[in-house]
Amino acid sequence: MNKQQLASKIWESANKMRSKIEANEYKDYILGFIFYKFLSDKEVKYLKNNEWRDEDLPDLTEEDEETVESIQKNIGYFISYDNLFSTWIKKGSDFSADDVTVALAAFSRLINTLHKKVFDGVFTTLATGLSKLGDTSGARTKAIRDLIYLIKDIPMDGKQDYDVLGFIYEYLISNFAANAGKKAGEFYTPHEVSLLISEIVANHLKDREKIKIYDPTSGSGSLLINIGKCVARFMGNDNNIKYYAQELKENTYNLTRMNLVMRGILPDNIVTRNGDTLEEDWPYFNENDPINTYDPLYVDAVVSNPPYSLAWNPSDKETDPRYARFGLAPKGKADYAFLLHDLFHLKSDGVMAIVLPHGVLFRGGEEGTIRKNLIEQNHIDAIIGLPANIFFGTGIPTIIMVLKQKRPNTDVLIVDASKGFEKVGKNNVLRACDIKKIVDVVTTRSTVEKFSRVVTRDEIRANEYNLNIPRYVDSSEKAESWDIYASMFGGIPESELQELHEYWDAFPTLKASLFISENAAYYRLNVSDLKTAIYAHPDVVAFLDQYAASFDSFEAFLNTELLDGMETRNISKEESVLSNFIFTCLNDVPLVDKYSAYQLLDMDWKKIAVDLEIIQTEGFAATKQVDPNMVIKKKEGKDQEIQDGWVGHVIPFSLVQKAMLAKELTNLQEKEARLGEITNELESLLDELGEDEKEKDFVNDAKDAFVAAEVKKALKAKDAEPETLAILKKADEMFTEEKTLKKQVKDDSNKLHLLTKKTIEGLSDEDALSLIQKKWIVPLVKNISSLPDAVISGFTAKLEALCRKYETTFAEVEQQIVETQHTLVELLGELTGNEYDMKGIAELKSLLGGE
């Protein structure tokens, strides 16, 4: 299984196993066990790299002080053989919940002193929560055994260790957050928002050799980790990034530490703190020697998604250096307290991004004063309005505010990104194209109609420091209006045609060929088939040809980029390389939205990246590998995982069949198609029966279908009408053919399945490469090639709607009403009834204008 499939499998099973335990609680158990497995496997890997063999591992005991000290010095902790995760698995039915209790206690005792801050208490939440996994020791043992068996297949010993493990960890946190309701906000920032912030911050830091990044409300640590990943793309050495994290809630603080360690970040680069960010600021010091170890924290980047509008205590904070220059946030809303805390810890050339509720942009009082001071002291760099309902557990609109200590400019970029998203379940989610567009606009400080605007400080002053986004960027759709003249007399208003000016600019002679001028302000359609006329017009044909020419080298470029260097290509940077090529191709092409192209690229890239990771991890031989297809089926009333055939490890069976086994596939498909035809023909035969015949036993009333066995009985009895017997004979013949075909289809399908397996396993390198090309490159080229047709199709739909809008005038509508009334009066005149009925009909006819 690839990492997505494995993560999905673990989540589905874990969600069933948690039963009545809240998702917010259960996550601490499964994530805690995953972390313990990681540490355990990491120790075994270290030992094997130092000439330990599997048969030596049972000698790993606390009593061997020299070995304990050596391991602690190198990895920061020690786990004895009895407490290794792999030993728990080997114990089988001898495993018990007590094994975990003993192991966690031993781990806490055997941490290297120098790594106490990273590991001390990291399993406290897990250890104290074990009792909730069952009312009895036996129940707890079963629940824990099920959990550790569920996660035992997570790979932690290959080239992609941290990526696979990190992906699964993030996947589980995301899914637990989706099921945790309002509590999700305590530990999770949606991945898309995290990625957006990361890209903006990384762009600011990209030229630095060493950086420090800090999240004062770190939650699970995912936001901090994404920043690191994005910056590492530019730096080349991710060991030059130091991570600082602070979190109030202990269980969430433990998630932060686990997440950072499991991403392969060096313990020396992890500095974490379990504390109240607002009450206990971070001049960092050793409690045993506060004066000589005083080390105030100033970093290159601060990112945070603090709790929204939290009540806090501003008492005695007037002299706090974090707030002294700007003011104190009100007691009932700590939003600006968090913001000022973040800003205080920035270096002079640093950048910060914080997620806040929309209200911070316009609320008055103390917040208005702080906002004014931030603007006048030139710290606010950009404001990004996000879609509503984008965070788990709350539907309130939110923003990202980007601030800097020092800026060369005094304006503020305001972005209204509230309209760009897709609906996923109950939440709105930023798409890849939305993220890309926002990042591009922020990094280039661009003004884009109905999306973003660079606003001067003077304009903000004129608005009394109110930063409410609609004051500066109007992203609303134009309300539909109706032209009075065109509604009365017909025709298409020039003003409404002009709203499509970008198309007329791209197709300069098209408008004149489609419409004829009726007077100075109105046009009439001058073609009978609008769609055909548009597609056949020379301007449109030239546009399609221009697009094709711009992408003439696209396939060759993809072959070079993806196929020639697949085993060494930098996966984290490659999507940017591909998107830059696409954007360059689109430079001189009008109408095609480059972000629509980016979305298509991203959808295909996600699949390509998974394959590249496998090939780079396992080698090109992975393309010739098949895996057991494991499915969950009911057996003796219980869900059990069983094998149901095979699946390609990288290359899908369906692709191999189309490309290399076309004859066998076509033969099978023809038989399957014939089965479908038989079903339709049987339905037609049934319709030929009389209603009385349909009441007979050879017809199933409920299913409205023939009953094969009863058809045979009726034919043997020969007691039906000749016409009916002829119909039944045809039906019987079809049932016989159907039975034979079903067996053939089953047999042929199995043979084709096994032949496909054999074909994949016997592929030459050349054939495997050809199939990879068909899987990766052909669909991407096809999707990108479809964009101009989508543009023309959308343009055609707009024109057709405009033509229909004024197709019928008010006078014609009035005439239709009159004719309808006249028809109705005539119908009423044919009605009969008693005295009162006739009086009512007469009154209705009078209202309709009849006599």
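Looking at region 617-719, the helices (runs of 4 or more DSSP H) lying wholly inside it that each contain 3 or more residues that are crowded, with 16+ Cβ neighbours inside 10 Å, among the aliphatic types (A, V, I, L, M) and in contact (Cβ under 8 Å) with a residue 24 or more places away in the chain sit at 653-660, 662-688.
Of all the listed residues (101, 67, 61), the sole one being among the β-branched types (Val, Ile, Thr), assigned to a loop (DSSP other than H, G, I, E, B) and over 23 Å from residue 168 (Cβ atoms) is 61.
The C-beta contact set for region 503-525 (first residue closer than 15 Å to residue 541 by Cβ and open to solvent by 70 Å² or more (accessible area, probe 1.4 Å), second residue at pLDDT 95 or above and part of a helix (DSSP H, G or I), distance under 7 angstrom, 6+ apart or interchain) comprises 508/539; 509/539. Figure legend. Inter-residue proximity from region 222-243: first residues over 14 Å from residue 207 (Cα atoms), second residues among the aromatic types (Phe, Trp, Tyr), beta-carbon distance below 6 Å, spacing 6+ or different chains. Indicated pairs: 224/243.
Pairs are defined by a Cβ separation below 8 Å, a sequence spacing of at least 6 or placement on different chains, a first member in region 469-482 that is in contact (Cβ under 8 Å) with a residue 40 or more places away in the chain, and a second member that is among the acidic types (Asp, Glu); the pairs so defined are 469/416; 470/416; 472/459; 473/416; 475/416.
If you go through region 529-569 and pick out every residue that is among the polar types (S, T, N, Q) and in contact (Cβ under 8 Å) with a residue 40 or more places away in the chain, you end up with 3.
Could you tell me whether region 752-759 includes any residue that is surrounded by 15 or more Cβ atoms within 10 Å (Cβ to Cβ), without any contact (Cβ under 8 Å) to a residue 40 or more places away in the chain and not hydroxyl-bearing (Ser, Thr, Tyr)? The answer is no, given that none of the residues of region 752-759 is surrounded by 15 or more Cβ atoms within 10 Å (Cβ to Cβ), without any contact (Cβ under 8 Å) to a residue 40 or more places away in the chain and not hydroxyl-bearing (Ser, Thr, Tyr).
Do we have any residue at all in region 428-440 that's loosely packed, with under 15 Cβ neighbours inside 10 Å, at negative phi and out of contact with any Ser or Thr (no Cβ under 8 Å at 6 or more places or on another chain)? No: region 428-440 contains no residue that is loosely packed, with under 15 Cβ neighbours inside 10 Å, at negative phi and out of contact with any Ser or Thr (no Cβ under 8 Å at 6 or more places or on another chain). Restricting attention to region 199-217, the residues being in contact with a strand residue (DSSP E or B) (Cβ under 8 Å, 6 or more places away or on another chain) and open to solvent by less than 10 Å² (accessible area, probe 1.4 Å) number 7.
To keep it simple, each residue is scored yes or no on (1) touching a strand residue (DSSP E or B) at 6+ places or on another chain (Cβ under 8 Å); (2) open to solvent by less than 10 Å² (accessible area, probe 1.4 Å); (3) part of a helix (DSSP H, G or I).
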position	(1), (2), (3)
312	no, no, no
330	no, no, no
360	yes, yes, yes
369	no, no, yes
382	yes, yes, no
396	yes, no, no
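Counted as qualifying within region 436-542 are the helices (runs of 4 or more DSSP H) with 2 or more residues that are of a type in the set (Gly, Ala, Ser), namely 484-489, 510-514, 530-536. The residues in region 446-467 that are free of Cβ contacts under 8 Å to residues at least 60 places away in the same chain, open to solvent by less than 70 Å² (accessible area, probe 1.4 Å) and under 19 Å from residue 407 (Cα atoms) can be counted, and the count is 5.
Residues 308, 336: which one is assigned to a loop (DSSP other than H, G, I, E, B), in contact with a strand residue (DSSP E or B) (Cβ under 9 Å, 6 or more places away or on another chain) and buried (at least 20 other Cβ atoms within 10 Å of the Cβ)? If you could, list the steps in order and put the result at the bottom.
Values: 336 fails: assigned to a loop (DSSP other than H, G, I, E, B).
Just one listed residue meets the conditions, 308.
Selection over region 615-652 of residues that are among the aliphatic types (A, V, I, L, M) and either within 17 Å of residue 561 (Cα to Cα) or over 26 Å from the mean Cα position of the chain (by Cα) (or both) gives a count of 5. Within region 302-313, residues that are within 14 Å of residue 221 (Cβ to Cβ) reach partners that are of a type outside the set (Asp, Glu) and assigned to a loop (DSSP other than H, G, I, E, B) with beta carbons closer than 6 Å, at six or more positions or on different chains, in the pairs 304/216; 304/217; 305/189.
Here's a check for you: in region 808-838, which residue that is within 27 Å of residue 491 (Cα to Cα) and not hydrophobic (A, V, I, L, M, F, W, C) is surrounded by the most Cβ atoms within 10 Å (Cβ to Cβ)? In this case the residue turns out to be 809.
Quick grid of which residues meet (1) of a type in the set (A, V, I, L, M); (2) assigned to a helix (DSSP H, G or I); (3) at pLDDT 95 or above; (4) out of contact with any helix residue (DSSP H, G or I) (no Cβ under 9 Å at 6 or more places or on another chain):
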residue	(1), (2), (3), (4)
769	yes, yes, yes, no
772	yes, yes, yes, no
781	yes, yes, yes, no
798	no, yes, yes, no
814	no, yes, no, yes
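For region 543-581, what are the residues that are in a helix (DSSP H, G or I), open to solvent by 60 Å² or more (accessible area, probe 1.4 Å) and among the acidic types (Asp, Glu)? Within region 543-581, 545, 555, 564 qualify.
Filter region 760-782 down to the residues that are in contact (Cβ under 8 Å) with a residue 40 or more places away in the chain and among the small types (Gly, Ala, Ser), then identify the one that is surrounded by the fewest Cβ atoms within 10 Å (Cβ to Cβ).
Quick first cut of region 760-782, residues in contact (Cβ under 8 Å) with a residue 40 or more places away in the chain only: 760-763, 765, 767-777, 779-781.
Narrowing further to those that are among the small types (Gly, Ala, Ser): 762, 768, 770.
Details: 762: 9, 768: 18, 770: 15.
So, considering only residues that are in contact (Cβ under 8 Å) with a residue 40 or more places away in the chain and among the small types (Gly, Ala, Ser), the one surrounded by the fewest Cβ atoms within 10 Å (Cβ to Cβ) is 762.
The condition of being open to solvent by less than 40 Å² (accessible area, probe 1.4 Å) and either at negative phi or in contact with an Asp or Glu (Cβ under 6 Å, 6 or more places away or on another chain) (or both) holds for only one of 470, 493, that being 493. If you go through region 472-512 and keep only what is in contact with a strand residue (DSSP E or B) (Cβ under 9 Å, 6 or more places away or on another chain) and more than 26 Å from residue 809 (Cα to Cα), you end up with 472, 473, 474, 475.
The values are calculated or read from the model by the stated rules, or taken from the named source; none is laboratory data. From a predicted model like this one, the values you see are computed outputs, not experimental measurements. Cβ atoms come from the backbone with ideal geometry, glycine included; neighbour counts cover every protein chain shown. Heavy atoms of the whole protein, side chains included, go into the accessibility calculation; ligands, DNA and RNA do not. Shrake-Rupley method; radii C 1.70, N 1.55, O 1.52, S 1.80 Å.
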